[in-house]
Amino acid sequence: MKLVVKIKSLPELLALVALGIFLTVSILNVTFYARYLPGTVYKLAIAFSIFLLLLKESFKRKYDYRALIGLFATILIYLIVGKMTALSSELSVTILFIYALRDVPFKKVAQTSLVVSMFLLLFVIISAKLGIITNYIEVSGSRVRTYLGFRYALFPSILLMNIVAIVFYLKQNKIQYWQWLLLALSVYWVYDQTDSRLTFYSSCVLLACSLLIKWFPELFSKLGHVFKVFKLTFIVNAIISFWVSVIYLNSSHSLINDLLFKVNRMLGGRIYLANKSLNLYGFGFLGRPVEWYGNGLTIEGIRNYQTYLYVDNLYVQVLQKFGLLILGLMLSVLTLTLSKVIKSRQWVLAFILIMMSFHSMIDDLNFYLHYNIFWILVGALIYPDYQFSDEGDEQLK
């Protein structure tokens, strides 16, 4: 698969190099290479990527009112999220990247992410298989999960799902059969190793749609009115997530209770855990301190043996951890972004964002830029001349 990123200017180069550095340290930080990446080195790499973004912005001679409003909002949200996490955290820095990459064609952003993600995924898996880093194996009853050099079985699976989504966007109806087959085999192999079922299913949906677009190039454009029905999908899915989590086994209708019980079992207890967390910690306007304990390993490969309690639903997690204000803001910008993508007739991007809205109901990892590069599309709300692809590249519009 040929991967080439054509750079047109120095500011663009600075922005993409900064993105590459940020994605690299963020991905390595969730692998067993993290033990060789001291906290000081990680923070210096993050600081250097921010410096490159500031240097890139220094080339900008003038800002219109929309850019200034966006800059003010970006700094404000960055400080709020930074106070709740850390100014150098992935979530905080992602906000800066959304703003700084607003005038870089998304195609180049996606290509950069694809190069970094594919290289590091292969590098980490090969390192684990060769014994260079830990290849942790989790055995739970009849379920065996191999972590492939990552600190949790879901990490390589969601990283590969992001790769599949990027290739779907970049290739669209021009993907070669050997490329599609290579992705499909990779998705199945990682699933066979990690047993990450829900992410595997989402990846299969993307692969199936990729094949459909190849066979029927006009399919998505003919279904444009269907995409418009999903304009509020982020808001609707957030409301459903909260409602289901609150009424779990507390509904006055036994049929609803039975249905939710079956769905919860199918989702590995996710609804029950969200319900338990809401009852235990509640939520506030600006978030509350919560103590969640998941299955992720430390950099030494040690499991957390506290009682398991983790909220995988992104909407409920943001509501509890960051509060109603940040959740409302997140839903607003994602809804406006999806609306702009649909208005621009970027059907594949619209489908990927809609998929993201549903996958977020079962997986919070969509929140992180190294697992979901499509967060950068929010920059379309700031920059009126946002380029979803290079000039002259208007596939499936």
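Summary of values
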| quantity | calculated |
| --- | --- |
| 1 or more residues acidic (D, E) and open to solvent by 60 Å² or more (accessible area, probe 1.4 Å): qualifying helices (runs of 4 or more DSSP H) within the range 209-278 | 254-266 |
| Qualifying residue in the range 179-200 (condition: closer than 25 Å to K343 by Cα and either outside any helix (DSSP H, G or I) or open to solvent by 60 Å² or more (accessible area, probe 1.4 Å) (or both)) | no |
| Pair list, Cβ under 6 Å, 6 or more apart: the range 91-108 residue under 24 Å from L170 (Cβ atoms), other residue open to solvent by less than 20 Å² (accessible area, probe 1.4 Å) and not in a helix (DSSP H, G or I) | T94/L369; F106/F388; K107/S389 |
| Residues that are in contact with a Gly (Cβ under 7 Å, 6 or more places away or on another chain) and at positive phi, drawn from the range 254-289 | G287 |
| Meets criteria (open to solvent by 70 Å² or more (accessible area, probe 1.4 Å), modelled with pLDDT of 95 or more and closer than 19 Å to L101 by Cβ) for F59 | no |
| V316 being assigned to a helix (DSSP H, G or I), in contact (Cβ under 8 Å) with a residue 24 or more places away in the chain and more than 30 Å from M266 (Cα to Cα) | no |
| Lone qualifier among V104, V167, V93, V109 - being outside any helix (DSSP H, G or I), among the β-branched types (V, I, T), open to solvent by less than 20 Å² (accessible area, probe 1.4 Å) and closer than 30 Å to Q387 by Cβ | V104 |
| Count - residues of the range 17-44 that are in contact with a Phe, Trp or Tyr (Cβ under 8 Å, 6 or more places away or on another chain) and either open to solvent by 70 Å² or more (accessible area, probe 1.4 Å) or of a type in the set (G, A, S) (or both) | 2 |
| Qualifying residue in the range 38-46 (condition: at pLDDT below 85 and in a helix (DSSP H, G or I)) | yes |
| Scope the range 324-381; condition under 27 Å from N173 (Cα atoms) and either touching a His at 6+ places or on another chain (Cβ under 7 Å) or among the polar types (S, T, N, Q) (or both); matching residues | T335, T337, S339, S344, Q346, S357, S360, N366, N372 |
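The values are calculated or read from the model by the stated rules, or taken from the named source; none is laboratory data. It should be emphasised that the depicted structure is a prediction, and the values quoted were computed from it without experimental measurement. In this analysis, Cβ positions are derived from the backbone assuming ideal geometry, glycine residues included, and neighbour counts consider all displayed protein chains. What goes into the accessible areas is simple: the full protein's heavy atoms, side chains included, and nothing from ligands, DNA or RNA. Shrake-Rupley method; radii C 1.70, N 1.55, O 1.52, S 1.80 Å.
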